[in-house]
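**Q** Before I ask anything, here is the structure I am working with.
The values are calculated or read from the model by the stated rules, or taken from the named source; none is laboratory data. Just so it is clear, the structure is predicted and the values come from calculations on it, not from any experiment. Note: ideal-geometry Cβ built from the backbone for every residue, glycine included; neighbour counts use all protein chains shown. Side chains are part of the model used for accessible areas, which takes the heavy atoms of the whole protein and leaves out ligands, DNA and RNA. Shrake-Rupley method; radii C 1.70, N 1.55, O 1.52, S 1.80 Å.
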Amino acid sequence: MTLNTTLRALSNTSTNPFLKLGCYQFHCHSNPLLQCRAVAINSETLLRGTDPPIAPQLFDQTPIRDLKQHNPLFFRSFPNEQSQEAFHIFVSLYRSGLSPDRLNMCYVLDYCAGSSDGTVGEQVHCQCVKCGFVHHVSVGNCIVDMYMKTGKVRNGRRVFDEMDDRNVVSWNSLLTGYSLNGFNDQVWELFCQMQVEGYKPNYYTVSNVIPALAKLSVVAVGMQTHALVVKLGFDAEKLVCNSLISMLSKSGMLRGARAIFYNMENKDSVSWNSMIAGHVINGQDLEAFEIFNNMQSAGAKPTSATFASVIKSCANLKELGLLRVLHCKTLKSGFSTHQKVLTTLMVALTKCKEMDDAFSLFSLMEGVQSVVSWTAMISGYLQNGGTDQAVNLFSQMRSEGVKPNHFTYSAILTVQHVAFISEIHAEVIKTNYEKSSSVGTALLDAYVKIGIINDAVKVFELIEVKDLIAWSAMLAGYAHAGETEEAAKIFHQLTREGIKPNEFTFCSIINACTAPTASVEQGKQFHAYAIKLRLNNALCVSSSLVTMYAKRGNIDSAHEVFKRQKERDLVSWNSMISGYAQHGQAKKALEVFEEMQKQKLQVDAITFIGVISACTHAGLVEKGQNYFNVMINDHHVNPTMEHYSCMIDLYSRAGMMEKAMDIINGMPFPPAATVWRIVLGASRVHHNIELGKLAAEKIIALEPQDSAAYVLLSNMYAAAGNWQEKVNVRKLMDKRKVKKEPGYSWIEVKNKTYSFLAGDLSHPLSDHIYSKLSELNIRLRDAGYQPDTNYVFHDIEEEQKETILSHHSERLAIAFGLIATLPDIPLQIVKNLRVCGDCHSFIKLVSLIEQRYIVVRDSNRFHHFKDGLCSCGDYW
């Protein structure tokens, strides 16, 4: 079609309905090929309506082109897919010397914003300055919008601040940009500033501010915004209502969201989708399905976002049948190739453990598989125990040229294999993801779980912007490694940097305080801080507090926290049962378990470890056997090595060595070294040398460098007077270069921890400590105490044996505690080895004559000494 033909056709009012309506006027002078001008209202309606579009043809055939005259047609009449071509034509004309106007520049800046080409946008900005357009409000608004949409927020803000004249559009561009680039916390401040400066927001302003607030989930601000919407009269605007529904849902204010939704006269698919998604976010999956059904009844057509939300609900409910029905609906609705819907379906199938179906769906996406679908499939395998498949899929993904993103790396780093993690770490460095908060956090967590804490620290230090999750992960790492002091330093550092700890941060730091060498007072301080921030009632925090107090010897405080819990999880119940068991209060432990049974609460394998341990420490053999049978027959919990170890310990402590061996011989897996240590310890107590020798040989075969086996066997020979065999065992230790673990005792006095070895002279108050011990020995002898030298396994004189006994590490710690604290302060000692029988008798009498409450935590359990008695009842 030539230009003359086109012009004739357009000038014919009989064939052009737009001319009848006066929509078009064409001024054709003496030669229509030399000059033409179209003044259009919705000109693109006509010019884009042809196939192919005739705007480029018309422009190509016009010899004299004036940018100012053509701006109404120039960009708008080109189809979207040809906007780049229009831009190149504009550049060519500009270079030929034709001058643009403000409207041209606005169109060009709009193109740069849409194409995310910040570099070209900066050049156009320079031209605007050069031409003097930059001071015009419409051009300034377009420049701000361009910088925001190309991710250059600082530049956009600078242009905004330098604008001489602003209007509501200027503020809208700024607010939208901040929201778009994730600076949600600053959006509300700017919104308030806008009103202070006298600019009245329009409904478009509000609809852009609300999504930013939704991401922050700030309830108070959400309520203020809702009130402002009503005040400004925008509560009937569909766009604003949809944004409000989304914000209130994400802030947990579902009732308010429902009120707005049901009061809307004209609901669109976004309204329905926001309401469905809101219920899914708040865990109300059945209600989400109800709204989905109402949506279809109302005649609203489900979109891809609709299906994505209801499919997530299926995954949450593990409703495989319903999921398959929805899959069919997506096919009927024309979403069979929609990537977001297919990926959501695939994730739902993995959550329902249908890995074969999920992989089949993934395979159907061949050719259009994105990094999102690859990551979803890899994560699915990892969540369902398919580590090898996940690793193979990750390798295949890279071989097909799909670059992993931060979600992919975060998922694959859960594979706990040293060589693999090192390989991924190298790739993370190569792809510049090491400084990313999410990948860095996943990497440090991976190193923590394989026990390489030093590498975890190095990764943590490299993370550029450390968020609360990264800080909490490092805290959890130190807690896992038992490094309480380092964990405390990290906690104090994050608070100094202005980061507010959440319940998970407190959970990690309180768990770090459960280490045997941790300060008792430290845990109490963190408890107080959690109360100050009103996080002490958070379930994970209160459960950690129960565990911490139980493990730090304060079982009464543990029970107090447990009693005050508004809701309890299985961790709380298990901690209380295990705590009572470790503290020798078997009756209370079993009462807690029976209460669980009455409330018909779910129990697990860990629950029964605590229950059987309680029976073990109290010598309740028959009850322990009954609970073991209940676990298998009534609760269908398969016994693990830990359960069998508890049963062997139960029988061994009671001297029922044959039954213990029957358990060992009947186990479905080979006994671990832990099992044989129990047998060896019991053999020494019950003087069964042959069985003890067998147990020692088994331990040495499994763990040749374990000093405890050699020492126990040596002591057993010594107790039987077989000094030559004792010497042979010691020679074997020397030959294999096995070092005996020294016995340490720790005591905390005035927030400082002191350690002692047997016969230790390193303490500055050694003279006073040994003087106190001498005084105690005299007073105890007067009370009838006689040292039991059978616990000294050396072939020496009785007097020397008594001296060795009197200088055991726990006695030094107690003597120091007595002289360094006030008479009414309880003493708490931690010992890394088992308390010997003579020291046990010694401490009972000290608690009586000194009227002190003494708690000793040895390698087996807690001993509470008071008024000459011990909580273990001399059965340990």
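**Q** Along the Cα→Cβ direction, 7 angstrom out, place labels at N266 and V368. What is the inter-label distance in nm?
**A** The modelled label-to-label distance comes out at 3.2 nm.
**Q** Taking the simple approach of a point 7 Å from Cα along Cα-to-Cβ for both A720 and A528, what is their distance in nm?
**A** Rounded to a tenth, the inter-label distance reads 5.6 nm.
**Q** Specify which residue in the list A695, T517, H327 is farthest towards the positive end of the charge dipole of the chain, using unit charges on the beta carbon of Lys, Arg (+1) and Asp, Glu (-1), about the Cα centre.
**A** So the residue furthest toward the plus end is H327.
**Q** Further, regarding this structure: Among 496-503, 131-138, how do they line up by average Cβ neighbours within 10 Å per residue, starting with the highest?
**A** Numbers: 496-503: 13.1, 131-138: 16.1.
The peptides rank, most packed first, as 131-138, 496-503.
**Q** Sticking with this one: For the pairs K489/K600; K267/K329; K200/K340; K659/K735; K152/K200; K458/K524, note any where the Cα-Cα span goes beyond 32 Å. List each step's numbers first, then the result.
**A** Details: K489/K600 42 Å; K267/K329 22 Å; K200/K340 39 Å; K659/K735 36 Å; K152/K200 26 Å; K458/K524 30 Å.
The answer is K489/K600; K200/K340; K659/K735.
**Q** Given a 1.4 Å probe, how much area per residue of the chain is accessible, in Å²?
**A** Values: 43080 Å² over 876 residues.
Result: 49 Å² per residue.
**Q** Just for the chain, what percent of DSSP beta bridges are antiparallel, to the closest 5?
**A** Approximately 80 percent, going by the DSSP bridge assignments.
**Q** Taking 0.36 nm per residue of separation and subtracting the Cα-Cα distance, what length does fully extending D110 through Q284 add?
**A** 58.5 nm is the gain from fully extending D110 to Q284.
**Q** Moving on to the next point. By per-residue mean of other Cβ atoms within 10 Å, what is the highest-first order of 145-152, 476-483?
**A** Taking the mean over residues of other Cβ atoms within 10 Å, the ranking is 145-152, 476-483.
**Q** Now, a different point. FRET efficiency for H135 and D185, Cβ-Cβ distance as r, R0 = 25 Å, nearest 0.05?
**A** On the way: r = 31 Å, r/R0 = 1.25.
Efficiency, rounded to the nearest 0.05: 0.20.
**Q** Please give the FRET efficiency for S92 paired with K200, using the beta carbon to beta carbon distance and R0 = 41 Å, rounded to the nearest 0.05.
**A** 0.45
**Q** Using θ = phi - 60° and the Karplus relation 6.51 cos²θ - 1.76 cosθ + 1.60, list the HN-Hα couplings for the stretch 392-409 in order, rounded to whole Hz, with x at every Gly or Pro.
**A** In residue order, the calculated couplings are 5, 5, 4, 5, 5, 4, 5, 5, 8, x, 8, 7, x, 10, 5, 5, 4, 5 Hz.
**Q** Output the peptides 287-294, 162-169 sorted from most to least packed, where packing is the average of other Cβ atoms within 10 Å over each peptide's residues. Before the final figure, lay out each step's value.
**A** Details: 287-294: 17.8, 162-169: 14.1.
Put in order of decreasing packing, that is 287-294, 162-169.
**Q** Also, I was wondering about something else. Name the residues of the stretch 522-539 whose amide N is less than 15 Å from a point 7 angstrom out from the Cα of T495 along the C-beta direction?
**A** 522-536
**Q** Follow-up. Quick check: pseudo-label points 7 Å beyond the Cα along Cα→Cβ at Q127 and T674, how many nm apart are they?
**A** Inter-label distance under the simple model: 7.4 nm.
**Q** Let me ask something else about it. What does the extension gain come out to for S333 and Q396, with contour length at 0.36 nm per residue minus their alpha carbon separation?
**A** Here the segment from S333 to Q396 would lengthen by 19.5 nm.
**Q** Report D for the chain in µm² per second (integer): Stokes-Einstein, Kirkwood Rh on Cα pairs, 10 °C, 1.306 mPa s.
**A** Roughly 46 µm²/s, to the nearest whole number.
**Q** How many angstrom lie between the C-alpha centres of the stretch 663-734 and the stretch 596-622?
**A** 29 Å
**Q** Carbon and sulfur together cover what percent of the accessible area of the stretch 137-261 at a 1.4 Å probe radius?
**A** 52 percent
**Q** In whole angstrom, how far apart do the alpha carbon centroids of the stretch 399-454 and the stretch 329-348 sit?
**A** 30 Å
**Q** How large is the convex hull of the Cα atoms of the stretch 267-355 per residue, expressed in Å³ as a whole number? All intermediate terms of the calculation are to be shown ahead of the outcome.
**A** Details: hull volume 7.4 nm³, N = 89.
So the per-residue hull volume is 83 Å³.
**Q** Efficiency by 1/(1 + (r/R0)^6): what FRET value for R154 and K739, r their Cβ-Cβ distance, R0 = 45 Å, to the nearest 0.05?
**A** Given R0 = 45 Å and the Cβ-Cβ separation, E is 0.15.
**Q** Are there any GluC sites (Glu not before Pro) in the stretch 543-600 that are in a DSSP loop and have at most 14 other Cβ atoms within 10 Å? List them by number.
**A** Answer by residue number: E567.
**Q** Work out, step by step, the length gained on full extension between N633 and T517: first 0.36 nm times the residue separation, then minus their alpha carbon distance; give nm to one decimal.
**A** Residue separation times 0.36 nm, minus the Cα-Cα distance, leaves 37.7 nm.
**Q** What is the dipole size for the chain, taken about its Cα centre, with +1 at each Lys and Arg Cβ and -1 at each Asp and Glu Cβ, in debye to the nearest 20? Don't skip to the end; give the middle numbers.
**A** Numbers: 85 positive and 85 negative charges, 304 e Å.
The calculation lands at about 1460 debye.
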